[in-house]
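Worksheet: the structure to be examined is printed underneath.
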Amino acid sequence: LFMVGDIKQSIYKFRLAEPEIFMQKYNHYKDESNTGSTKIDLNQNFRSKRAVIDTVNQVFGQIMAGYDENAALYQGVAYDGPLDYPTQLHLIDNRVEEEMELEDEIADMKNAELEAHAAVKIIRESLGKPIFDVKKQQERALSRKDIVILMRATKNYADVFQKVFTEQNIPAYVDDSNGYFDTVEIQVFLNVLRVVDNRKQDLPLLSLLYSFIGGFEMEELIEIRLEHRAGSYFEAFLHYSSAGQVKPLQEKCARMLQTIEAWKDTASALPLEDFLWNLMWDTGYYTYCGALPAGGQRQANLRALIDKARAFQEVNYSGIYGFLSYVHAIQDRKVPMGQVKLVGENDDIVRIMTIHKSKGLEFPMVIAAGLGKKFNFDKTGKGIVLHKDLGLGMTRVEPDAHWYRKTLIQTPIERKIQKE
């Protein structure tokens, strides 16, 4: 019987991994009195130079029980020279954000922006520095494609990094299996379709009006609402298009409503794929996206949306509403769908990806971002909590009195899950 395992896989405890099983087997087989068995420690690292290995051992030696000389990593790369740069820890001062008491998601994005600017500074200082390429066995200069930004999860963080990098003229690509429908160009265009389907939806309408396609300024949108405060924003917009006080703005609103009606008529006359192309060219949105930073990527995402519409149309003939329902179902069920991949292995750009996605890859320079993010314990106490040793804990609910309360058994189960 041959078994292989790794105690560090206890990071998958949230997926019911049980490191205790590994430790029990490990201790059993390392017992010298157990003559019929052999333990082999696979602790040589053939990817990293000494500085990285020393850092890993130093961290794990302090945070992990039983991290002895057998568990520690040992250098397998035959290089010990001056081009082995020490590990750096950069602390970002975010006290201003903390004092503002922002919501967690907004605070995350603010912190991501601060970290992204710090990463830009580090990258600029590092590009061109000499590194020793172990595979080629030669010294060479560090380039952008040698650099990767790793993070626990790309949501909220990766897009901010890519935006800051693009603004700072550092080409970057987010390698993620999600996020296609979160891109600005797709969100805006889908909102245009939602308005064509049903113009009485306030959020899609505002998205359209404030976008390049609508061309309304924020002050104009506020002026429209101030004149008609009751009811939905669409009602205010409709009112202003016929009775607005500022004549140029009133005419602008009326023209927008006529345009939406014209789009609706066109949509009923054309196949879905043709209508989407017509809408992109008619509004100039496709050209506009191409002129933005990372324009090629944005246009590729828009073309992919049309490809999805064509594929949908081949099996379904229910038009815009059906297509939007299909998109909503994909998002609701969290079907993995990343941006169109335009980059190759040799393109000289910085990669941004999750730590999980980077498994099996090697980069001369790694920047680990988002290390200050808090652990997510939101799922530990919702309704029913389960633990294989402590059992089942359920919330006490009193429907008639309209209250619910955590029970005594739930607290120790939640604490045990958090600790593990």
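The values are calculated or read from the model by the stated rules, or taken from the named source; none is laboratory data. Everything numeric in this text was worked out from a predicted model, so none of it was measured. Cβ sites come from the backbone with ideal geometry, for glycine too, and all protein chains shown count toward neighbours. These area figures cover heavy atoms from the full protein model, side chains too; ligands, DNA and RNA do not enter into them. Shrake-Rupley method; radii C 1.70, N 1.55, O 1.52, S 1.80 Å.
Just to verify a result, which residue in region 69-78, among those that are open to solvent by 30 Å² or more (accessible area, probe 1.4 Å) and in a loop (DSSP other than H, G, I, E, B), is nearest to residue 141 (Cα to Cα)? I'd like the intermediate steps shown before the answer.
Restricting attention to region 69-78, the residues satisfying the condition of being open to solvent by 30 Å² or more (accessible area, probe 1.4 Å) are 69-71, 73-75, 78.
Those left that are additionally in a loop (DSSP other than H, G, I, E, B): 69-71, 73, 78.
Details: 69: 35, 70: 36, 71: 34, 73: 28, 78: 20 Å.
Looking at the filtered set, the residue picked out is 78.
Would you mind stating whether residue 120 is out of contact with any strand residue (DSSP E or B) (no Cβ under 7 Å at 6 or more places or on another chain), in a helix (DSSP H, G or I), at pLDDT 90 or above and within 24 Å of residue 359 (Cβ to Cβ)?
Working: out of contact with any strand residue (DSSP E or B) (no Cβ under 7 Å at 6 or more places or on another chain): yes; in a helix (DSSP H, G or I): yes; at pLDDT 90 or above: yes; within 24 Å of residue 359 (Cβ to Cβ): no.
It is false that residue 120 is out of contact with any strand residue (DSSP E or B) (no Cβ under 7 Å at 6 or more places or on another chain), in a helix (DSSP H, G or I), at pLDDT 90 or above and within 24 Å of residue 359 (Cβ to Cβ).
Show the residue pairs that are 6+ apart or on different chains and have beta-carbon atoms under 8 Å apart, the first residue being within region 55-75 and among the β-branched types (Val, Ile, Thr), the second being in a loop (DSSP other than H, G, I, E, B) and surrounded by 12 or more Cβ atoms within 10 Å (Cβ to Cβ). Qualifying pairs under 8 Å: 55/87; 56/48; 56/73.
In region 232-267, which residues are polar (S, T, N, Q) and open to solvent by 40 Å² or more (accessible area, probe 1.4 Å)? Before the answer, list the steps.
Step one: list which residues in region 232-267 are polar (S, T, N, Q), which gives 232, 241-242, 245, 250, 258-259, 266.
Result: 242, 245, 258, 259, 266.
Taken together, 384, 413 contain a single residue that is farther than 30 Å from residue 88 by Cα and either open to solvent by 60 Å² or more (accessible area, probe 1.4 Å) or at pLDDT below 85 (or both), which is 384.
Which of the residues spanning region 4-32 are in a loop (DSSP other than H, G, I, E, B), of a type outside the set (D, E, K, R) and open to solvent by 90 Å² or more (accessible area, probe 1.4 Å)? Steps first, answer last, please.
Of the residues in region 4-32, the ones in a loop (DSSP other than H, G, I, E, B) are 4-6, 16-18, 31-32.
Now restrict to residues that are of a type outside the set (D, E, K, R): 4-5, 16-17.
Result: 4, 16.
For region 199-210, the set of residues classified as in contact (Cβ under 8 Å) with a residue 12 or more places away in the chain, more than 13 Å from residue 257 (Cβ to Cβ) and open to solvent by 20 Å² or more (accessible area, probe 1.4 Å) consists of 201, 202, 203, 206, 207, listed by residue number.
Evaluate the following for residue 224: is it within 27 Å of residue 107 (Cα to Cα), open to solvent by less than 20 Å² (accessible area, probe 1.4 Å) and among the aliphatic types (A, V, I, L, M)? No: the conditions fail for residue 224. Restricting attention to region 291-326, the residues that are open to solvent by less than 30 Å² (accessible area, probe 1.4 Å) and either outside any helix (DSSP H, G or I) or free of Cβ contacts under 8 Å to residues at least 24 places away in the same chain (or both) total 2.
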